[in-house]
Amino acid sequence: MIKVEQLSKAFGPLEVLQGITTDIEKGQVVAIIGPSGCGKSTFLRCLNLLERPTKGKVYLDGVELTDPKTDIRKARQNIGMVFQHFNLFPNMTVMENVTYAPIKVKNMTKGNAQELGYNLLSRVGLEEKADVYPSRLSGGQKQRVAIARSLAMQPQVMLFDEPTSALDPEMVKEVLDVIKSLAETGITMAIVTHEMGFAREVADRIIFLDSGRIAEDAPPDIFFSTPKSERACQFLEKVL
Amino acid sequence: MDSLFPLSLMPLAQLELDFSKVIPDIPYILNGVITNLAFTLVSAFFGFLLGTILAIFKIANIKPLEGFANFYTSIFRGTPLILQIVIIYFATPQLLNYPIAAFPAGIIAFSLNSAAYSSETIRGGIMGVDKGQKEAAQTLGVMYLPMMMDIVLPQAFKNILPALVNESIALLKDSALVSVIGVEELMRRGQIVAQREFIYFEPLLVVGVVFYLMIMGFTWVARRFEQRMRVSD
């Protein structure tokens, strides 16, 4: 589904990613973990070209996204993204947030979009909040709306960039539960997270990044019980 | 007379203000209000429109557009407004062979000038919108124009509304400047009355009070508007 070849990203002299090569299969749920500054968010943001890789290639379904000739705007419609800070549109109601892209980008009728919107909002348990503005929502609710907004474009892949890092502890679970239920629908997902328990439970595969390289790539039970690299051992010692 | 004024106002009282000569001319002066308001509203509208376009040029990362917008701004901020009015009024017939009337000349000068100032304000407003908003729109596949129109600009305008109100107040007061090209607006009417009646202070005081009241009214309307814009907070 997603194929990454020799992906590198440098910000000036700072080499954040150094030649990452990996594949994410259809339906796979990948958790990307690692110490802060290891490049996990940058890696995720390179997958939909929010950051332009300095070198290397990214393919989605065989289409090279890093090719300048590719219409990246079209390709992004297939890649949903959920941000750490939600990034809901504050000037729109919850329903407008969810239906905006289907109406504007996919030319869906308002009626159809709202029907889709209600379905998605009830899926994240927020249908009664359809007509309020995001400022009236708690952090957890905002993030659930953001997930619904992404799903409204019916993407093939969902990227989550630390979806619970900006939340109060008691709101983390409601968001993780939504992501978990999504994982069960078989959508392809890449999740950058600090929630080790969650990664272990939901992911099919853990990618451990260290200084811009994949230091370890294993199923969760193996990664958490018998990590091979020394860096992963140190990391797990601190976080578990 | 003495009993009517407190002691501190005595010197003022001794000016012997005589409004009786002005009173018959007050309707004439007040009629100027329409002219000033027309100048302000039309120029604020075009200035805002043009200012938004210039602001987008400035942030578009396209060198020629950026260069043009910056040059434009430097010209209109770097020269006196009154000079711009006079140049547009007198140079247009000479250069283009088109006898421009005072009203459109004034509108053009005010709009172009106001665009230069508001483009900077709007640029600041756009840059003040969280970068995550743009990223969210991009990941949803939204095109540049709808992203600006529906997401970035509404948030930018809401944040800079007080600054834009300031700009409009300045325009309203500057509308008195078109008196130099002979437009009979408030200020000019005040002067005409003054010259006819040989009294200066009273008619100009009337003009001042009218301006002040207009601006107070405008500020009040702007406040209400701002409160309505804040429903999403």
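The values are calculated or read from the model by the stated rules, or taken from the named source; none is laboratory data. What you are looking at is a predicted structure, and each value in this text was computed from that prediction instead of being measured. A quick note on method: Cβ atoms are made from the backbone with ideal geometry, for glycine too, and the neighbour counts reach across all protein chains shown. Please note that ligands, DNA and RNA were not included when accessible areas were found on the heavy atoms of the full protein model with its side chains. Shrake-Rupley method; radii C 1.70, N 1.55, O 1.52, S 1.80 Å.
Where the only charges are on Cβ atoms (+1 Lys, Arg; -1 Asp, Glu), what is the dipole of the protein assembly as shown about its Cα centre, to the nearest 20 debye? Don't jump to the answer; show the numbers that get you there.
Details: 45 positive and 47 negative charges, 168 e Å.
Roughly 800 debye for the protein assembly as shown.
Once you reduce region A:167-240 and region B:62-108 to the center of their Cα atoms, the two points are 62 Å from each other.
Before we go on, tell me the buried accessible area for the B/A pair, both chains summed, 1.4 Å probe, in Å² to the nearest 100. Mind dumping the intermediate values first?
Numbers: alone 13770 and 11330 Å², together 23190 Å².
So the total buried area for this chain pair works out to about 1900 Å².
Lysine pair count for chain B with Cα-Cα distance under 18 Å and sequence separation of 8 or more or different chains is 4.
DSSP bridge analysis restricted to chain A gives an antiparallel fraction near 55%, rounded to the nearest 5.
The contact residues of region A:57-102, meaning those that lose at least 30 Å² of 1.4 Å-probe accessible area when all protein chains sit together rather than their chain alone, are A:Arg73, A:Arg76, A:Phe83, A:Asn87, A:Phe89, A:Pro90, A:Asn91, A:Tyr100.
Shown are A:Val29, B:Val180, B:Val33, whose ranking by accessible area with a 1.4 Å probe and every protein chain present, most to least, is B:Val180, B:Val33, A:Val29. Just to be sure I understand: of the beta bridges DSSP finds with both ends in region A:100-240, what percent are antiparallel, rounded to 5? Around 50 percent of the beta bridges assigned by DSSP in region A:100-240 are antiparallel ones. Evaluate the Debye formula for chain A with equal point scatterers sitting on the alpha carbons, no solvent, and hand back log10 of I(q)/I(0) at q = 0.11, 0.15, 0.16 Å⁻¹, in q order, two decimals. For chain A at q = 0.11, 0.15, 0.16 Å⁻¹, log10 I(q)/I(0) is -0.57, -1.04, -1.17.
Compared with the dominant Cα axis of chain B, that is its longest principal axis, helix B:201-229 is turned about 30°. Cα centroids of region B:156-233 and region A:67-146: 43 Å apart.
3J(HN,Hα) along region A:50-60, derived from phi through the Karplus expression 6.51 cos²θ - 1.76 cosθ + 1.60 where θ = phi - 60°, amounts to 5, 10, 7, x, 6, 9, x, 10, 10, 10, 10 Hz, with x in place of Gly and Pro. A simple rule links phi to the HN-Hα coupling: the Karplus curve 6.51 cos²θ - 1.76 cosθ + 1.60 with θ = phi - 60°, which for region B:185-199 gives 9, 3, 4, 5, 5, x, 5, 4, 4, 4, 5, 6, 9, 6, 10 Hz, with x for Gly and Pro.
The residue list B:Thr79, B:Ile151, B:Ile100 was ranked by how far each Cα lies along the charge dipole of chain B toward its positive end, using unit charges on Cβ atoms, and B:Ile151 comes out on top.
Near A:Gly56, the amide H atoms lying under 5 Å from its own belong to A:Ser8; only residues 5 or more places off or on other chains count, and H is placed 1.01 Å from N.
Excluding ligands, DNA and RNA, what is the solvent-accessible area per residue of region A:148-240 at a probe of 1.4 Å, expressed in Å²?
Numbers: 4030 Å² over 93 residues.
That works out to 43 Å² per residue.
Beta bridges per DSSP, both residues in the protein assembly as shown: antiparallel share near 55 percent.
With a 1.4 Å probe and all protein chains kept in place, how do B:Glu202, B:Glu66 rank by accessible area, largest first? All intermediate terms of the calculation are to be shown ahead of the outcome.
Working: B:Glu202 15, B:Glu66 45 Å².
From most accessible down to least: B:Glu66, B:Glu202.
For the protein assembly as shown, the fraction of 1.4 Å probe accessible surface lying on carbon and sulfur atoms is 59 percent. Candidates A:Leu60, A:Ala218, A:Leu159 compared by Cα position along the dipole of chain A: farthest toward the positive end lies A:Leu60, with charges placed on Cβ.
Here are some pairs, A:Lys55/A:Lys142; A:Lys180/A:Lys238; A:Lys106/A:Lys173; A:Lys40/A:Lys129; A:Lys74/A:Lys142; which of them have Cα atoms lying more than 29 Å apart in this structure?
Pairs exceeding the cut-off: A:Lys55/A:Lys142; A:Lys106/A:Lys173; A:Lys40/A:Lys129.
Taking amide H positions as modeled 1.01 Å from N, with prolines and chain starts lacking one, the residues under 5 Å from A:Asp217 and 5 or more places away or on another chain are A:Phe208. Taking every protein chain into account, the 1.4 Å probe leaves A:Met92 with about 10 Å² of accessible area, to the nearest ten. Note that region A:232-240 has calculated 3J(HN,Hα) couplings of 5, 4, 4, 4, 5, 4, 6, 9, 8 Hz, one per residue in order, obtained from phi through the Karplus relation 6.51 cos²θ - 1.76 cosθ + 1.60 (θ = phi - 60°); glycine and proline are x.
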